[in-house]
Each structure stands twice: as C-alpha cells, then as structure tokens.
Amino acid sequence: MHMKEYVISGLLLLSISSASWANGSGLLESQGYSCVIMEVYFLMDTGSLDGGLEGGDYRKGKTFIIDRGTGRAIGAIKNYSDDYGDFQPTVLDRGDGTQYFKALTLYGINFPAVELLVVQEFAESKQKPFMFTQNGQVTTGVCENI
C-alpha cells in the first residue's frame, strides 16, 4: 500500500467510527421521516373535530418527507414558505425515547398563522404516529425513520 492509500483508508475508518458514535448510543439517529396521511379532521363550530367533511379525503394516502434537522416537510404537507417571506420551521425537540419530535412554523406578521408538526418518536413500533395542525385542521398518520 502506498502512503496515499493509507491516508484514505485511515480517513475512511475515522469517519465511519465517528458517525457510528455520533449520538452517544452507538446507533445512528435517523435523519428524517417518510410519512403517510391517514386522516384529516376539521374544527367545527361546536368545538368538535369532524373527519367526514369533503376536502380532506384528497389528502388521505398522500405522502411527505420530514427533515429532522431543519423540521421542513415537503410533499403532501409543506410547512415552510419562500414565496411571501422566509418562513421556516423551528425544531423545538428532535425527539427521543421519551419525547415527541416537534417542529413549529410561524407565518406572517399582520395576520400570523401557526403550524405544529409532531411525531411520536418514542413509539415502540416501526411506524411512528404524527399529527400536523394548521388553521383548524388536524392531519394524522404514520411515519417511518429514514
């Protein structure tokens, strides 16, 4: 082996060992979620949620991806905007064995809107339940770590 090959091999081993211990447990933490929408509910005048209204059915079965680092969701759910200002989600908690992943997005100044996306990271199953709330609409479904 030449010196260059030793250096490349050493750097490769160092990067692999660093990555595998990145979160302190010896296991790599997921970088995001792949999610499927199962239900869409709307807040009614009575204070209850109704999932039987037309308008939410078109989203059932649709998919989206969440980046756990930035909190950005893209696909059937999009929780950021570059169109009318730079409105990006803030990751409040990346989630773990006892906490939800939580991303909050605030839009606008004069007429603010709030979106909250949570994923039950601590669910024991491979499928992690999620909930997304936006302007009186609640969307639920399941996500998998990717």
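Values quoted throughout were computed directly from the atomic coordinates according to the rules given, and no laboratory measurement underlies them. Everything quoted here is computed from the prediction, not taken from an experiment. Note that each Cβ is placed from the backbone with ideal geometry, even for glycine, and that neighbours are counted across all protein chains shown.
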- Would you list, by chain and number, the aspartates and glutamates whose Cα falls below 16 Å from the Cα of K126, excluding same-chain residues fewer than 8 positions away? E29, D96, E144
- Fewest-first ordering of K62, K78, K126, K102 by Cβ atoms within 10 Å yields K126, K78, K62, K102
- Cβ-based exposure ranking for E115, E29, in which fewest neighbours within 10 Å come first: E29, E115
- Neighbours of I66 by Cβ distance under 12 Å: Lys/Arg at +1, Asp/Glu at -1, summed charge +3
- Once you have a ≥ b ≥ c as the square roots of the Cα gyration tensor eigenvalues for the stretch 48-113, tell me rounded if a/c is under 1.5, and otherwise prolate or oblate according to whether a/b is larger than b/c. oblate
- Query: What does the charge count near G136 come to, summing +1 for each Lys or Arg and -1 for each Asp or Glu among other residues with Cβ under 12 Å from its Cβ?
  - Reply: -3
- Task: Report, in cubic angstrom per residue, the convex hull volume of the C-alpha atoms of the stretch 31-145.
- Result: 117 Å³
- Message: Could you tell me the calculated FRET efficiency between I109 and L43, based on Cβ-Cβ distance and R0 = 30 angstrom, to the nearest 0.05?
- Response: 0.80
- Mind sorting I109, I37 by how few other Cβ atoms lie within 10 Å of their own Cβ, fewest first? I109, I37
